[in-house]
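Take a look at the structure below.
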Amino acid sequence: MDLIPLPEHLVPDPEGRRHTFGPEPALDAGPGTGGVARWLRREVGAATGWALPAPAAGARGDVRLRIEPGGADGGAGGLRPEAYRLDIGPDGVELTGGDAAGLFWGAQTLRQLLGPDAYRRAPLRPGRTWSLPYAAVADSPRFGWRGMMLDTARHFTPKDGVLRHIDLLAAHKLNVLHLHLTDDQGWRIEIKRHPRLTGVGAWRARSRWGHRASPLWNDTPHGGFYTQDDIREIVAYAAERHVRIVPEIDVPGHSQAAIAAYPWLGNADVVDTAALGVWDDWGISKNVLAPTEEVLRFYEGVFEELLELFPADLSPFVHVGGDECPKEQWRASPAAQARIRELGVDGEDGLQSWFIRHFDGWLAARGRRLIGWDEILEGGLADGAAVSSWRGYAGGVAAAEAGHDVVMCPEQQVYLDHRQADGPDEPMPIGYVRTLEDVYRFEPVPPKLSPDAAAHVLGAQANVWTEVMENQSRVDYQVFPRLAAFAETVWSRLPEPESRDWAGFEARAAAHLARLDALGVDYRPLAGPLPWQRRPGVVGRPLEGAPPIV
């Protein structure tokens with residue numbers, strides 16, 4: 001049936017029978033199902049022309065929505081959270097969820113079974129007859145964290161684009177959108193008490209065109225930011241689709257945009273921070289935050305406003321970056337060296353750990369959990385912190401064995417900015433070759449983990465860094481259809497990577513492209529880029545093969 005992700009249990013009708021809907025199907029929405037009913041009427045209704053009214057008194061609905069919670073283990077005849085059961089037969093559709101999220105994921109399966117035209121925004125042929133194959137589907141996700149990280153700092157994604165990404169994640173049963181909101185190249189969220197963060201920090205004068213080795217520049221100023229009302233809208237929109245937003249504010253590195261806005265945040269005793277602008281190049285800036293109490297208070301103010309915008313029930317995790325923090329300025333700074341002695345920490349790595357530990361405790365006191373890139377392991381892992389393991393599996397393995405929760409996102413496997421083939425036509429080729437098949441064979445839980453440690457793997461996410469993705473079309477090209485393969489690795493209970501049915505998935509992926517076409521996704525064709533998707537003459541950073549994964 002070309003379903004992606006592959007369901008846990010699927011029993012098609014051996015006779016190939018189908019349920020044919022009348023011109024005006026009725027939707028019977030049981031208690032607690034109102035959100036999914038609204039989504040079906042809005043999204044599926046737009047494509048089919050159905051109003052999906054409630055059934056007449058005493059009548060049976062053509063589509064029936066129910067929630068039957070069974071607790072964490074799905075006991076007492078009910079279903080686990082995020083689980084669903086879909087039964088299609090002669091009397092219509094019975095869709096049952098263990099909770100509202102499970103019901104919503106079941107509705108995504110229902111939409112897939114209706115066919116690619118169900119993803120349109122208006123009926124292609126008014127009066128068309130719609131049908132569904134008889135089937136019984138029982139399904140639930142393997143992991144609770146099934147995500148994608150979108151870098152909005154290097155190239156800004158406007159609000160409407162973020163809402164579109166949320167819909168695309170939901171269509172693939174992914175439930176986490178990690179928003180990378182600040183970096184050296186831009187600050188993307190309004191903080192009312194510090195208006196220069198967006199007044200200055202959200203804009204750069206130009207951008208490197210291609211990898212940082214490229215001699216080319218785009219001299220058009222670039223920028224943008226989300227107002228606080230934009231963020232409220234994004235959070236609410238995501239919640240309706242059972243997608244959690246994880247906001248990221250980078251400390252103590254990747255902070256030049258903030259320092260350009262407020263120079264006293266930097267190490268002014270060793271660099272003229274007043275002369276710094278928002279960085280226009282890629283890579284890692286040496287300009288990092290000064291290790292002072294004043295800087296801590298400044299960022300506490302930032303996080304106070306952030307927590308108001310991202311409620312704890314929708315965004316329990318707050319990402320603080322913590323990665324790629326150069327130590328040169330701290331080594332050269334008399335003030336930083338005095339701070340090391342005052343705090344009694346272990347050198348510059350200890351300063352980095354001091355930053356992370358401070359915000360770990362600060363966030364925990366407010367009912368949140370800190371998560372950071374695996375560099376937060378340097379200098380000692382903060383108590384209660386979770387780790388985004390990006391430098392291969394090693395950081396995640398170490399953190400999980402030490403009892404810390406982990407999200408696996410190794411760059412060798414699931415960095416979707418990396419190129420998809422080694423041919424010369426790939427636009428601005430970056431990093432390792434990671435084909436659709438490579439992503440499909442990604443395994444979030446390393447085999448070397450003990451069973452107790454494996455329980456700390458919350459899930460995985462694919463990361464989308466946007467240095468060489470200047471607009472929505474380029475992001476689409478890099479992300480799709482590989483995100484569909486990734487979605488299956490974190491939802492479905494697949495065999496070991498070498499035993500996976502690649503041929504079967506490849507066939508389903510080919511059929512899935514029609515859904516992406518209907519959604520307006522400018523994906524990479526399986527045969528390679530179309531002429532207008534290439535970037536001839538723009539330097540990338542191809543690497544010959546990939547290093548061993550450790």
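We did not get these values from a lab; they are worked out from the coordinates using the rules stated. Keep in mind the model is a prediction, meaning the values are calculated, not measured. A quick note on method: Cβ atoms are made from the backbone with ideal geometry, for glycine too, and the neighbour counts reach across all protein chains shown.
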> What distance in nm separates the simple spin-label points at residue 324 and residue 452, each placed 7 Å from Cα in the Cβ direction?
Replying inline: 3.6
> Where does each of 433-439, 486-492 land if you order them by average Cβ count within 10 Å, highest first?
Replying inline: 486-492, 433-439
> Counting Lys +1, Arg +1, Asp -1, Glu -1, what net charge surrounds residue 194 among other residues with beta carbon under 14 Å of its beta carbon?
Replying inline: 0
>> Using only the alpha-carbon atoms, how far is helix 334-343 inclined from the longest principal axis of the chain? Give it as 0 to 90 degrees, nearest 10.
In response: 70
> With axes computed from alpha carbons, what is the tilt in degrees of helix 502-519 against the longest principal axis of the chain, rounded to the nearest 10 within 0 to 90?
Replying inline: 90
> Which FRET efficiency value, to the nearest 0.05, do you get for residue 275 and residue 532 by plugging their Cβ-Cβ distance into 1/(1 + (r/R0)^6) with R0 = 41 Å?
Replying inline: 0.50
> Using modelled backbone amide H atoms (1.01 Å from N, in-plane), which distant-in-sequence or interchain residues come within less than 5 Å of residue 217's amide H?
Replying inline: 209
>> Output needed for the range 9-139: three equivalent-ellipsoid semi-axes, defined as square roots of 5 times the C-alpha gyration tensor eigenvalues, in descending order, whole Å.
In response: 24, 17, 14
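Looking at the chain, what % of the alpha carbon pairs are farther apart than 45 Å?
Details: 25003 of 150975 pairs.
Percent of Cα pairs beyond 45 Å in the chain: 17.
How much net charge surrounds residue 40 when only the other residues with a Cβ under 13 Å from the Cβ of residue 40 are counted, with Lys and Arg +1 and Asp and Glu -1?
Details: positive: 38, 41, 42, 64, 111, 241; negative: 28, 43, 62, 240.
Neighbourhood net charge equals +2.
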>> As a test of the formula, what do you get for the chain when each DSSP H run with n ≥ 4 contributes -39,500 (n - 2.57) and the sum is divided by the residue count, at 222 nm and rounded to the nearest 500 deg cm²/dmol?
In response: -8500 deg cm²/dmol
>> Calculate the FRET efficiency for residue 331 and residue 366 from the Cβ-Cβ distance with a Förster distance of 30 Å, rounded to the nearest 0.05.
In response: 0.35
> In the calculated pair distance distribution of the range 184-231, what percentage of Cα-Cα distances lie above 12 Å?
Replying inline: 63
>> Once R0 is set to 22 Å, what does the formula 1/(1 + (r/R0)^6) return for the Cβ-Cβ distance between residue 1 and residue 91, expressed as a FRET efficiency to the nearest 0.05?
In response: 0.65
> Spin-label point model (7 Å from Cα, Cβ direction): what's the residue 217 to residue 341 distance in nm?
Replying inline: 4.3
